[in-house]
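I have placed the structure first, in the form of structure tokens, so that the comments after it can refer back to it.
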Amino acid sequence: MVDVKIEESWKSALTSEFDKDYFIKLTDFVRSEYLAGKKIYPEPKNIFNAFNLCPFDRVRVVIIGQDPYHEPGQAHGLCFSVPDGVNPPPSLVNIYKEIETDLGRPSKTHGDLTDWARQGVLLLNSTLTVAAHLAASHAGHGWEEFTDAVIRALSGRSGLVYMLWGSYAQRKAAIVDETKNLVLKSVHPSPLSAFRGFFGCHHFSRANEYLTRQGQLPIEW
């Protein structure tokens, strides 16, 4: 079994994945990319950041992205998020615009979504590593199978909110039981599509209303 540095509740939930052939090949591939001197994002310590900040039993909301950011200083293991001090990318700017109109208050002035993760928002990219300047360069090496297993592990629970933006995220979470969870779907917040249904989707208020009805605290978006 591969020794994975991941938060303990996730290690328990996903333990059967770590000795599968695809995962062993995946870790060999990622390790070889780092050892070859290639610039890979995020830093190794942040690959499982989404899991380490949001333990399995604390997940309340799931947001699915596709690929880590592939330019310097951006990726830190949370989909759509960038470290404080880095300008928010266009999709995140549009997410903030929707929050402001949906909730009627100013949103963040920085791009770091760590506080969302700590409140129970799993910010899950489908692929967890990428080579610098090469979008989707680590796709097809096993990460997708691993993150499918994450969705399957969560599918045993009910009362979660899934925010699925764009066709990729919607296909990724096809196994989610919509009778036991709140599944919110829209186009992607990218500038290419946000005006076709992301703006005005009210996902953030709808998520909080759902959580409140279950006796949970709302997310401070």
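The values are calculated or read from the model by the stated rules, or taken from the named source; none is laboratory data. Everything numeric in this text was worked out from a predicted model, so none of it was measured. Every residue, glycine as well, gets a Cβ built from its backbone with ideal geometry; the counts of neighbours run over all protein chains shown. We work out accessible area using only protein heavy atoms, side chains counted, and drop any ligands, DNA or RNA first. Shrake-Rupley method; radii C 1.70, N 1.55, O 1.52, S 1.80 Å.
Quick notes on this structure:
- The condition of being open to solvent by 60 Å² or more (accessible area, probe 1.4 Å) and either in contact with a Leu (Cβ under 8 Å, 6 or more places away or on another chain) or aliphatic (A, V, I, L, M) (or both) holds for only one of 174, 169, that being 174.
- When residue 110 is tested against the conditions (1) without any contact (Cβ under 8 Å) to a residue 40 or more places away in the chain; (2) under 16 Å from residue 61 (Cα atoms), the lone failure is (2).
- Residue in segment 132-143 that is assigned to a helix (DSSP H, G or I) and not basic (Lys, Arg) present: yes
- Selection from segment 196-216 of residues that are open to solvent by 10 Å² or more (accessible area, probe 1.4 Å), assigned to a helix (DSSP H, G or I) and within 18 Å of residue 103 (Cα to Cα): 205, 206, 208, 209, 210, 212, 213
- In summary, residue 35 fulfils each of the numbered conditions (1) at pLDDT below 95; (2) touching a Phe, Trp or Tyr at 6+ places or on another chain (Cβ under 8 Å) with the single exception of condition (2).
- Count - residues of segment 34-57 that are surrounded by 15 or more Cβ atoms within 10 Å (Cβ to Cβ) and either without any contact (Cβ under 8 Å) to a residue 40 or more places away in the chain or under 15 Å from residue 127 (Cα atoms) (or both): 9
- Boolean, residue 149 is out of contact with any helix residue (DSSP H, G or I) (no Cβ under 9 Å at 6 or more places or on another chain), closer than 28 Å to residue 45 by Cα and small (Gly, Ala, Ser): no
- Residue check for residue 111: of a type in the set (Gly, Ala, Ser), touching a helix residue (DSSP H, G or I) at 6+ places or on another chain (Cβ under 9 Å), more than 28 Å from residue 195 (Cβ to Cβ) and modelled with pLDDT of 95 or more: no
- A Cβ distance below 9 Å, combined with a sequence gap of six or more or placement on separate chains, defines the contacts here; from segment 130-141, residues that are open to solvent by 60 Å² or more (accessible area, probe 1.4 Å) reach residues that are modelled with pLDDT of 95 or more and not in a loop (DSSP other than H, G, I, E, B) in the pairs 141/22; 141/25; 141/26; 141/29; 141/30.
- Within segment 147-162, being open to solvent by less than 10 Å² (accessible area, probe 1.4 Å) and in a helix (DSSP H, G or I) holds for 147, 149, 150, 151, 154.
- All positions within segment 108-126 that are in a loop (DSSP other than H, G, I, E, B), open to solvent by less than 20 Å² (accessible area, probe 1.4 Å) and within 14 Å of residue 88 (Cβ to Cβ): 111, 113
- Residues satisfying the stated conditions in segment 167-184, i.e. closer than 16 Å to residue 198 by Cβ and either modelled with pLDDT under 95 or part of a helix (DSSP H, G or I) (or both): 167, 168, 169, 170
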